[in-house]
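Reading through the structure tokens given below for one structure.
The values are calculated or read from the model by the stated rules, or taken from the named source; none is laboratory data. Since we're looking at a predicted model, the values are computed, not measured. Cβ sites come from the backbone with ideal geometry, for glycine too, and all protein chains shown count toward neighbours. Quick note on the areas: whole protein, heavy atoms, side chains included, nothing else; ligands and nucleic acids left out. Shrake-Rupley method; radii C 1.70, N 1.55, O 1.52, S 1.80 Å.
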Amino acid sequence: MKFSRQTTLRSQATVCGVGVHSGLPVSLTLGPAPVDAGFIFVRTSLDGSDREVRATAESVIATEFATVLGDRCGPLVSTAEHVLAALRGMGVDNATIEVDGPEVPIMDGSAAPFVAAIDQAGIVAQPALRRFIQVLKPVQVAMGDSFGELRPNAAGFRAEVEIEFVNPVIGRQSYTLDLSPERFRREISRARTFGCMNDGAKLWSAGFARGASFENTVVFDETRLLNAEGLRYSDECARHKVLDVIGDLALAGLPLLGAYRSLRGGHKLNHAVLTALMADRSAWRVAEAETARRSRVPAEAGRGMVGGMIAPAYGPDVS
């Protein structure tokens, strides 16, 4: 399989679980999609019919505690970010995502179960060249004490995330990732969503987190981690924020050639930066794989470069 070709899934794979906010049982099936389709959510069993929504920034209708996609008739699927992160992180360009409930299942709070489903389905190359959204100039958004920026990075996609929480157990953490399927699988996919115990009552009263548990959420109080099994990484919270960034920015509709930096960010900031990028047509262009390889937009100190060519940020590694 070559870096220059688009990819889809070979077959279908299904996972079952509950929605972290709705608490309702739900099944999700990943499947193939044609060239240039991108990621298509299909909400099944909805008033006796199916409704589709393409996973793009224009389809986002809410970003409180999760990314919610919908159409003119209202919301269709919530908590889309983890499965989108798995697809983008593993180098899949085109896929259908069938969901029979209002929310993607939270599974264990990470993207690892979706990566396992992708492995089960298999990834195959398609005849068309892969296309990218190539960032041409910096785009910045400030929201209170949060800041996000997308800037050129011809070497692929890089995420630079820094978090800072009043909770002293979480505190200040940062993580930087140059995206590849191998690094996503090894460093990011298993990082779980997290929260503070004293926020639980507020979320429940607002109708959120009804399906949250120690099986799918890393929980802290003011002095310690409450999950008996401990953390999967010492900086698991920062890594999960990188996971969310990859999923939220998958809503560009194509893989990004750019570097994203965020400080104290979340779904709302990620969406705001992506929306600002897409609104400025001088800040980006669509480039096919071969064009992107020849691009002279400056790379970050040559990282991700192989033999003077752009390394595969979204396809399998090459030697």
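If the condition is being part of a strand (DSSP E or B) and surrounded by fewer than 17 Cβ atoms within 10 Å (Cβ to Cβ), then region 161-185 contributes Glu164, Arg172, Ser174, Thr176.
Here Ala37 meets the list (1) under 14 Å from the mean Cα position of the chain (by Cα); (2) among the aliphatic types (A, V, I, L, M); (3) in a loop (DSSP other than H, G, I, E, B) almost entirely, failing just condition (1). Within region 1-26, the residues that satisfy the criterion of being open to solvent by 30 Å² or more (accessible area, probe 1.4 Å), assigned to a strand (DSSP E or B) and within 18 Å of His82 (Cβ to Cβ) are Thr14, Cys16, Val18, Pro25. Looking across region 45-61, the residues that are loosely packed, with under 15 Cβ neighbours inside 10 Å and either hydrophobic (A, V, I, L, M, F, W, C) or part of a strand (DSSP E or B) (or both) come down to Ser45, Ser49, Asp50, Glu52. Just the residues that are in contact with a Phe, Trp or Tyr (Cβ under 9 Å, 6 or more places away or on another chain), farther than 19 Å from Ser180 by Cα and among the aliphatic types (A, V, I, L, M), please, taken from region 105-147. Across region 105-147, the qualifying residues are Met107, Leu136, Val139, Val141. Residue selection: Glu222 satisfies the criterion of being out of contact with any Phe, Trp or Tyr (no Cβ under 6 Å at 6 or more places or on another chain), more than 30 Å from Pro25 (Cβ to Cβ), open to solvent by 20 Å² or more (accessible area, probe 1.4 Å) and at pLDDT below 95.
Rundown of residues vs (1) of a type outside the set (D, E, K, R); (2) modelled with pLDDT of 90 or more, yes/no style:
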| residue | (1), (2) |
| --- | --- |
| Arg51 | no, yes |
| Glu58 | no, yes |
| Phe65 | yes, no |
| Thr79 | yes, yes |
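Out of the residues in region 62-121 that are hydroxyl-bearing (Ser, Thr, Tyr) and touching a Ser or Thr at 6+ places or on another chain (Cβ under 9 Å), state the one that is surrounded by the fewest Cβ atoms within 10 Å (Cβ to Cβ). That would be Thr96. When the residues of region 283-301 are filtered to those that are out of contact with any Phe, Trp or Tyr (no Cβ under 9 Å at 6 or more places or on another chain), open to solvent by less than 70 Å² (accessible area, probe 1.4 Å) and among the small types (Gly, Ala, Ser), which remaining residue is modelled with the highest pLDDT? Looking at residues that are out of contact with any Phe, Trp or Tyr (no Cβ under 9 Å at 6 or more places or on another chain), open to solvent by less than 70 Å² (accessible area, probe 1.4 Å) and among the small types (Gly, Ala, Ser), I get Ala283. Inspection of region 19-27 finds no residue satisfying the criterion of being modelled with pLDDT of 95 or more and in contact with a helix residue (DSSP H, G or I) (Cβ under 9 Å, 6 or more places away or on another chain). In region 129-148, of all residues being open to solvent by 30 Å² or more (accessible area, probe 1.4 Å) and of a type in the set (A, V, I, L, M, F, W, C), the one that is nearest to Arg185 (Cα to Cα) corresponds to Leu129.
Per-residue answers, yes or no, for (1) closer than 18 Å to Arg239 by Cα; (2) of a type in the set (A, V, I, L, M); (3) in a strand (DSSP E or B); (4) touching a Leu at 6+ places or on another chain (Cβ under 9 Å):
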{"residue": "Ser110", "(1), (2), (3), (4)": "yes, no, no, yes"}
{"residue": "Pro113", "(1), (2), (3), (4)": "yes, no, no, no"}
{"residue": "Ala116", "(1), (2), (3), (4)": "no, yes, no, no"}
{"residue": "Asp119", "(1), (2), (3), (4)": "no, no, no, no"}
{"residue": "Pro127", "(1), (2), (3), (4)": "no, no, yes, no"}
{"residue": "Ile133", "(1), (2), (3), (4)": "no, yes, yes, yes"}
{"residue": "Lys137", "(1), (2), (3), (4)": "no, no, no, no"}
{"residue": "Gln140", "(1), (2), (3), (4)": "no, no, yes, yes"}
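A quick yes/no check of all residues on (1) more than 18 Å from Ser174 (Cβ to Cβ); (2) modelled with pLDDT of 95 or more:
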position	(1), (2)
Lys202	yes, no
Ala209	yes, no
Ser213	yes, no
Thr217	yes, no
Leu231	no, yes
Glu236	no, yes
Arg239	no, yes
Ala250	yes, yes
